[in-house]
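One structure is given here, and the rest of the page talks about it.
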Amino acid sequence: MVILMERESSYIPELGEFVIAHQSDIPPGSVNEINKILTTIKLASKVVSLEISRYASFSISEIEAMTDLEQLAQNKFIEGFRNRETVAGVATAGMDGFLDFGGEARNRQFVVNIHPLDGSSGSEFNNVETNVSVGTVFAIYRRVSPIGGPVELRDFLQPGKNIIAAGYVLFGSSVLLMYSSGSGLHGFTLDTSLGSFLLSHPDQKMPTDGKIYSIDGGRRAKFPQGIKDYITYCQDNIFSLRYIGSLIADIHRNLLKGGIFLYPPTFKDPKPSVSMVFQCAAIAYITEQAGGKASDGHTRLLDLQPKTLHDRVVFICGSKAMVEKAEAFFQQSPKFG
């Protein structure tokens, strides 16, 4: 009897089992659809993880057939959603519009916004090429268009507060999937021997305060004065500057250790390059579920209404006390945009 109890107490659930056990967190009758969506994300993530390993292990010239790793990741996720008919439609960071899968998929009640491989490109520094962690970010929404008909743009342009579930997959020394459906944040690590994502970070909380700030300090001269003053405040208080340049990696470290991520405007570019729809909404939702805070410096990020799929936004995200301090500094500057 004692042995049996020890086994039960040490049992580690897989993501799908966890979702079923916590189905009260999601809309009634939706557990099967949500689980199928997550299964698609898990399968595609395992394929993408293998491709990242190949890309990082061999010279670029040997894999020219797969020159765009981000495009490959996008294709894998789209194929998964289409073939398994798990969602009515999908929009990705690499597309101008959205996909309506048609057929039986039109009877599904959810759509997904996804950044298939955040941090893999977009600048002169290729993070995968240099073995820096990258990630996938996703948000699941209940469609607002009639079920049975085609999906519409408004299904994908919902404020983050309408998210049903969201998460990110971090491809690093291990493959970690952080997931929330509105009742806390939980992490699942890929056990490569089993091919399963097992619960490793139950009820993950972000420290209320921290000593890490993440910002591209090389642009300081172009930041609003309030942000310059906040950087000075961090330096005066001996905070540690930690900026990887891979959004998910920076966010994940700060989530575990306590810290703040800032992507402020500049006088040259009043709308930074981070995406409200495909990056910030899901990350803000996850951060709040862990006890943190996210805003554009003035307004709660999840309350913002996107106008287009590729809206950009000022992004301040992290430990609650740090974000509130940064907002106080930022609000001393004229509002950009």
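The values are calculated or read from the model by the stated rules, or taken from the named source; none is laboratory data. Note that this is a predicted model, so its numbers are computed, not measured. Every residue, glycine as well, gets a Cβ built from its backbone with ideal geometry; the counts of neighbours run over all protein chains shown.
The number of residues in the range 241-263 that are under 17 Å from R300 (Cα atoms) and at pLDDT below 95 comes to 0. Residues in the range 121-159 that are in a loop (DSSP other than H, G, I, E, B), touching a helix residue (DSSP H, G or I) at 6+ places or on another chain (Cβ under 9 Å) and modelled with pLDDT of 95 or more: R143, V144, S145, G148, P150, V151, L157, Q158, P159.
If the condition is being surrounded by 15 or more Cβ atoms within 10 Å (Cβ to Cβ) and of a type in the set (D, E, K, R), then the range 133-163 contributes R142, R143, E152, D155, K161.
Yes/no per residue for (1) in contact with a His (Cβ under 8 Å, 6 or more places away or on another chain); (2) part of a loop (DSSP other than H, G, I, E, B); (3) closer than 19 Å to S319 by Cβ; (4) free of Cβ contacts under 8 Å to residues at least 60 places away in the same chain:
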{"position": "F188", "(1), (2), (3), (4)": "yes, no, no, no"}
{"position": "S193", "(1), (2), (3), (4)": "no, yes, no, yes"}
{"position": "F197", "(1), (2), (3), (4)": "no, no, no, no"}
{"position": "Q204", "(1), (2), (3), (4)": "yes, yes, yes, no"}
{"position": "Y213", "(1), (2), (3), (4)": "no, no, yes, no"}
{"position": "R219", "(1), (2), (3), (4)": "no, no, no, yes"}
{"position": "C234", "(1), (2), (3), (4)": "no, no, yes, yes"}
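Every residue, every condition in (1) in contact with a Lys or Arg (Cβ under 8 Å, 6 or more places away or on another chain); (2) under 17 Å from Y263 (Cα atoms); (3) outside any loop (DSSP other than H, G, I, E, B), yes or no:
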position	(1), (2), (3)
G210	yes, no, no
K228	yes, yes, yes
I231	yes, yes, yes
G245	no, yes, no
H252	no, yes, yes
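Checking F110, F58 one by one, the residue that is modelled with pLDDT of 95 or more and of a type outside the set (D, E, K, R) is F110 and no other. Has the range 310-318 got at least one residue that is of a type in the set (A, V, I, L, M, F, W, C) and surrounded by fewer than 23 Cβ atoms within 10 Å (Cβ to Cβ)? So far as the range 310-318 goes, no, none of its residues is of a type in the set (A, V, I, L, M, F, W, C) and surrounded by fewer than 23 Cβ atoms within 10 Å (Cβ to Cβ).
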